[in-house]
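I have placed the structure first, in the form of structure tokens, so that the comments after it can refer back to it.
The values are calculated or read from the model by the stated rules, or taken from the named source; none is laboratory data. Note that this is a predicted model, so its numbers are computed, not measured. We place every Cβ from the backbone using ideal geometry, glycine too, and count neighbours over all the protein chains shown. Calculation scope for accessible area: heavy atoms of the full protein, side chains included, ligands and nucleic acids excluded. Shrake-Rupley method; radii C 1.70, N 1.55, O 1.52, S 1.80 Å.
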Amino acid sequence: MFNRAAAIIERDADEIREWIQNEVGSVSGMTAVEIQYGTELVRQGAALCASPRGEILPPMKPGQKNYARRVPRGVVGVIGPWNAPFMLSLRNVAPALALGNAVVLKPAPQTPVSGGVLIARIFEEAGLPAGVLQVVPGDGPTGAALTTDPNINSIAFTGSTAIGRTVGRAASENLKPVQLELGGNNAYIVLEDANLETAVDIGLACSVFANGQGCLVIGRHLVHENIAEEYAATIAAAAADVKAVDPRTNSETMQGPLVNQKQLDHAVDLTRRAEAAGARKLVGDPPEGLYFSAHVYDDVAADNPLFLEETFAPVVGITSFKTDEEAIALANASEYGLTCSIMTSDAGRAMAIADNIRSGNIHINDVTSLAVAWAPLGGVGYSGNGTAFGGSADLDAYTSWQWVTQS
Ligand code: ADP
């Protein structure tokens, strides 16, 4: 059934892409990621169906059978985000179903189709028994109902830290296990021995992907002082060429519109406050409608809002450092702890830094936005409650231990 669902996603990729673009404004590169990762998540579901489910334990007395098995949670309530709706809903729905749960999915109100209805239709056509996956469109109160309803046994939430806190509180009050995948203000550490061209390419791409509206975007570019000026000039020149246009008529563009007026107001407000706090603007045109082109700022101090807050907008903020110790301190000077990349040609130095970074995910010489169905992705601090989705973390998220003895 999961393999059939994966084949349906591939068959209907164009239609899925159109829905995502119409609801979110995602660029073609981003919709391709959603479809590829979504397919992979569903295929991984097929593999999860056959995963080991327990441990044989030593008997407590002769002849006793003693084992612990993982049993489904029951009904998993999935509360989805709007920014990458298809893959981020599937990230919970596919493994939860594969591990024997029923699912009630509440997509974000901005993306009821790409984060909800499409997924229901795909599994329906693939042959999932009726009623095992329910999609309930709605906004905050609908999500809140999932967190309190006694028929929902656990909650998987992806969204902002502010709402995540509310969801975590409500789930905890009702003693439901809750997995929270929240925001990030991710550090991108560029050492002086990094390949500058690669560092700039990755740095810009990771600040503007999903139009900056992603938990895995780079929030803080921490660049060694020896190369900081060249890095800033190079990334500013590249960013000046990135124009936000309608991705439905331009499949090459790196940027489309922000999702709605609320996100535009946020981007305008964040950049205004960043400038007021002393960040030096290198690039950034005034917005046109919801089109907010890439902005680049230099001299971002550690008390600037651009350094302290999640950007959720296509904004590059550069802060320079002198020593590896300072880079570590700056990277850790955040309430968030989702992902961090380190760019260097010195593997030993990279690991020494990585060992001291407080983050759920660390990537050396790669993008901050990596995600794959068989790796556990999650965050600490304001980025989540130390839980993760993907790989063996799915067993933790969607099953409970049951201890069984037989004498
Ligand atoms: P925003 O849309 O303001 O950025 P989020 O992205 O954090 O907010 O929303 C993520 C998901 O949480 C959405 O599906 C949203 O409808 C849902 N949600 C909002 N408020 C609540 C709540 N109080 N309880 C449960 N879910 C909620």
task: Return the residue satisfying two criteria in turn: it lies in segment 278-310 and is of a type in the set (A, V, I, L, M) and touching an Asp or Glu at 6+ places or on another chain (Cβ under 7 Å), and of such residues it is least open to solvent (accessible area, probe 1.4 Å).
output: 279
- line: Scanning segment 165-179 for residues that are in contact (Cβ under 8 Å) with a residue 12 or more places away in the chain and closer than 19 Å to residue 389 by Cα, the one surrounded by the fewest Cβ atoms within 10 Å (Cβ to Cβ) turns out to be 177
task: Kindly indicate whether any position in segment 40-52 is open to solvent by less than 20 Å² (accessible area, probe 1.4 Å), in contact with a Phe, Trp or Tyr (Cβ under 9 Å, 6 or more places away or on another chain) and within 21 Å of residue 369 (Cα to Cα).
output: yes
- request: Inspect segment 343-353 for any residue being among the small types (Gly, Ala, Ser), buried (at least 20 other Cβ atoms within 10 Å of the Cβ) and within 14 Å of residue 186 (Cβ to Cβ) and give the result as yes or no.
  value: no
message: Step by step: first the residues of segment 259-276, then only those that are open to solvent by less than 50 Å² (accessible area, probe 1.4 Å) and among the small types (Gly, Ala, Ser), then the one that is farthest from the chain's Cα centre (by Cα). Which residue is that?
response: 274
- prompt: Just checking, which of 203, 184, 212, 219 is of a type outside the set (Lys, Arg) and in contact with a Pro (Cβ under 7 Å, 6 or more places away or on another chain)?
  reply: 212
Lone unmet requirement of (1) surrounded by 14 or more Cβ atoms within 10 Å (Cβ to Cβ); (2) closer than 30 Å to residue 369 by Cβ for residue 162: (1)
field: residue 108 at pLDDT 95 or above, among the small types (Gly, Ala, Ser), in contact with a Pro (Cβ under 9 Å, 6 or more places away or on another chain) and surrounded by 15 or more Cβ atoms within 10 Å (Cβ to Cβ)
entry: yes
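Conditions tested, residue by residue: (1) open to solvent by less than 20 Å² (accessible area, probe 1.4 Å); (2) within 14 Å of the ligand (Cβ to nearest atom); (3) over 28 Å from residue 25 (Cα atoms); (4) modelled with pLDDT under 95.
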| site | (1), (2), (3), (4) |
| --- | --- |
| 59 | no, no, yes, no |
| 62 | no, no, yes, no |
| 69 | no, no, yes, no |
| 73 | no, no, yes, no |
| 113 | no, yes, no, no |
| 125 | no, no, no, no |
query: Can you tell me which residue in segment 348-407 is nearest to the chain's Cα centre (by Cα), limited to those that are over 26 Å from residue 57 (Cα atoms), of a type outside the set (Val, Ile, Thr) and part of a helix (DSSP H, G or I)?
result: 354
task: Report yes if some residue within segment 141-155 is surrounded by 18 or more Cβ atoms within 10 Å (Cβ to Cβ), under 21 Å from residue 259 (Cα atoms) and at pLDDT 95 or above; otherwise report no.
output: yes
query: What number goes with the only condition from (1) within 16 Å of the ligand (Cβ to nearest atom); (2) crowded, with 19+ Cβ neighbours inside 10 Å that residue 31 does not pass?
result: (1)
- prompt: Is there a residue being over 20 Å from the mean Cα position of the chain (by Cα) and farther than 30 Å from residue 183 by Cβ anywhere in segment 89-100?
  reply: yes
- request: State whether the residues of segment 134-148 include one that is within 28 Å of residue 370 (Cα to Cα) and small (Gly, Ala, Ser).
  value: yes
task: Return yes when residue 121 is surrounded by fewer than 22 Cβ atoms within 10 Å (Cβ to Cβ), closer than 25 Å to residue 7 by Cα and charged (D, E, K, R) and no when it is not.
output: yes
query: Which residue out of 204, 191, 182, 196 is of a type in the set (A, V, I, L, M, F, W, C) and free of Cβ contacts under 8 Å to residues at least 40 places away in the same chain?
result: 196
message: Among (1) crowded, with 21+ Cβ neighbours inside 10 Å; (2) in contact with a strand residue (DSSP E or B) (Cβ under 8 Å, 6 or more places away or on another chain), there is one condition residue 380 misses while meeting the rest; what is its number?
response: (1)
- request: Output the residue which, of all residues in segment 139-183 that are over 16 Å from residue 73 (Cβ atoms) and in contact with a Lys or Arg (Cβ under 6 Å, 6 or more places away or on another chain), is nearest to the ligand (Cβ to nearest atom).
  value: 143
